[in-house]
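Below: one structure, written as structure tokens.
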Amino acid sequence: MTTSRISGFYNMTLEERREKITEALAVQTPPDLAAWTSGGLSAEAADHMIENVVGMHSLPLGIALNFQVNGRDVLVPMTLEEPSVVAGASFMAKLARASGGFQATTTDPLMIGQMQVINIANLNEAKLKIYEKKAELLEEADSIDPILKKFGGGARDLEVRIFNDSPIGGFLVVHLIYDVRDAMGANAVNTACERLAPKIEAITGGKVHLRILSNLADRRIARARCTVPVKDLAFETVTQDGILRYSGEQVRDGIIAAYAFAAVDPYRAATHNKGIMNGVDSVVIATGNDWRAIEAGAHAYAVKNGQYTSLSTWGKDAEGNLVGTLEMPMAVGIVGGATKVHPAAQAAVKLMGVKTANELAEIIVSVGLAQNMAALRALATEGIQRGHMSLHARQVAIAAGATGEMVEKVAAQMVAEKVVRIDRAEELLKQNNEGKR
């Protein structure tokens, strides 16, 4: 890719934007963007993906610009219905470019398979018996998927935990640690747990009840950080009361104070982390990955120390520049599942030029950090509603029946009045129609 900076992208037509994306990629075989104009999925294909299919449900797909991740420019596809997210992430990515964009890392793609072992007479004895057969059990799990093993994946470790005080009394939980390489990993891990269950029953004399992957993928972590020069945070905005000016120090300190709120208060942290997931989920959905699994893992990870808290951190460096970090589980894949079945997901993966699931995870966590910064900047300065409502007003105008130029006209009037409601949009449309008579 030449650059993720495309000037004036917002003001282009849909067709012009697609042309610009193709030009920016500078590759001989660009992704099939037609999959994004048609929805990319036929009713026949959908019928094989889930049960009781009657059709498809579409969501907008936008492109986040300006992203540099580990020194590489990347155009990021984002699928969601909420206004201001794509624009906010793009603008924050632009600010981060001055200091090299986002630096991201990932751990090995290790997933956890859980086996609940019940009806055991002596839990401690059973635990040690399992450890005595650990090598044998790992060898068995490692032989299940020769293709995965060929690419360097497979069983890595086995752990046994004792739970004494559950509603059903004591039981064991066996964790199979499994390297799934470029897959999300649910099928591989679940299959391995199913294979090991009879052997664990024979070893312990108990019954393996549940055997399933855990979505708290705390062995599969993605991390991102960025630095924004304090001078670049300064801005001014026009309001009804005049021009408001914010210094870089004001914006920086406002963002840090907003983060501090989320760090100590679960009620604020829930909304704070939701802002992170606005960015994360939209890329996960665009690439055909399991956003419910990512959400579950993220929120469980946020409470790992006993209280629900912020997934991100914000502070300043020795020069006074804003520094942000984000760390969270990121179980995504680029092989198997909807990612390989859905043409739109294939186009999204190809657009970003990722070759491994870890590379995809590094982009996603960077988008989450950018979107978190955008939300905190808005909250700490002019308020979240100003930019958000401008875009939301268009949706309200359309819902009220506005078409063509009336969409912008009605939306602008509602924003000016600070009354963005469908009944007001209907009144404005009625007044316009009466004025034409």
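Only the coordinates and a few stated rules stand behind these numbers; no lab work does. Everything numeric here is computed off the predicted structure, so don't read it as measured data. Every residue, glycine among them, receives a Cβ derived from its backbone with ideal geometry; neighbour counts consider all protein chains shown.
Some observations on this one:
- Among Ile144, Ile177, Ile285, the residue with the largest mean-square fluctuation in a Gaussian network model of the chain, with springs joining Cα atoms closer than 10 Å, is Ile144.
- Average 1/r across all pairs of distinct alpha carbons in segment 118-203, invert it, and you get the Kirkwood radius: 13.7 Å.
- The chain: DSSP helices with Cα axial extent of at least 27 Å and average Kyte-Doolittle hydropathy no lower than -1.0: 266-286, 357-380
- Segments 65-71, 162-168, 182-188 sorted - mean Cβ within 10 Å per residue, highest first: 182-188, 65-71, 162-168
- Helix-derived mean residue ellipticity, 222 nm - over the chain, DSSP H n ≥ 4, -39500 (n - 2.57), to 500: -15000 deg cm²/dmol
- From the alpha carbon centroid of segment 115-170 to that of segment 248-287 is 37 Å.
- Using a cutoff of 8 angstrom between alpha carbon atoms and counting only pairs six or more residues apart, the relative contact order for segment 387-435 works out to 41 percent.
- Structure remark: mean-square fluctuation, Gaussian network model of the chain, C-alpha springs under 10 Å; the largest value among Thr287, Thr271, Thr403 belongs to Thr403.
- Among the listed pairs Lys274/Lys340; Lys20/Lys350; Lys304/Lys340; Lys274/Lys304; Lys134/Lys304; Lys127/Lys207, those beyond 21 Å (Cα-Cα): Lys274/Lys340; Lys304/Lys340; Lys134/Lys304
- Taking other Cβ atoms within 10 Å as a rough exposure proxy, His209, His272 sort from fewest to most as His209, His272.
- Using Cβ point charges alone (K and R +1, D and E -1), the dipole size of the chain about the Cα centre works out to roughly 360 debye.
- Kirkwood analysis of the chain, using all unique Cα-Cα pairs, places the hydrodynamic radius at 24.2 Å.
- Computed E for Glu125/Thr356 - FRET, C-beta separation, R0 45 angstrom, nearest 0.05: 0.60
- Under the combined filter of DSSP loop state and at most 12 neighbouring Cβ atoms within 10 Å, segment 295-400 retains these GluC sites (Glu not before Pro): Glu319.
- Restricting segment 11-94 to GluC sites (Glu not before Pro) that sit in a DSSP loop and have at most 11 other Cβ atoms within 10 Å of their own Cβ leaves Glu51, Glu81.
- Scattering curve values for segment 387-435, log₁₀ I(q)/I(0), Debye with Cα scatterers, q = 0.16, 0.25, 0.27, 0.28 Å⁻¹: -0.32, -0.80, -0.93, -1.00
- Ascending count of other beta-carbon atoms within 10 Å, so fewest first, for Tyr308, Tyr10: Tyr10, Tyr308
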